[in-house]
Amino acid sequence: MNNPWPYLTDAEINEICAPLKNGAAQIRFLERLGMVVKPKPSGRPLVARTEFDRVMTGSNAVATGHSTSAASSTPNVIGLQSFFKQRKHGTST
């Protein structure tokens, strides 16, 4: 199903969270699944479709659409060491 709406509909959220009906209970359930959930003024959960897809597919894509790879998430140890070697600590007399 290719839905043009950027957020899950109330019917979709009700189906995911069944048998829960209360908005606060649905928000807690969705957050426990690992989703970023915002409450609507009515108290119902607001979930981005991309956030639902990210959690349910297990991908590492961030909700903004940028993907993180293993190469970019590892620290640059050599760069960090050279930064601290070049940095002057304290005052010289």
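The lone criterion from (1) part of a loop (DSSP other than H, G, I, E, B); (2) at pLDDT below 75; (3) exposed (fewer than 11 other Cβ atoms within 10 Å of the Cβ) left unmet by residue 79 is number (1). The residues of region 37-73 that are loosely packed, with under 14 Cβ neighbours inside 10 Å, at pLDDT 75 or above and among the β-branched types (Val, Ile, Thr) amount to a single one, 57. Of all the residues in region 18-56, those that are in a helix (DSSP H, G or I), within 19 Å of the chain's Cα centre (by Cα) and not hydroxyl-bearing (Ser, Thr, Tyr) number 14.
The values are calculated or read from the model by the stated rules, or taken from the named source; none is laboratory data. What you see is a predicted model, and the numbers here were worked out from it, not measured in a lab. All Cβ positions, glycine included, derive from the backbone under ideal geometry; neighbour counts span all protein chains shown.
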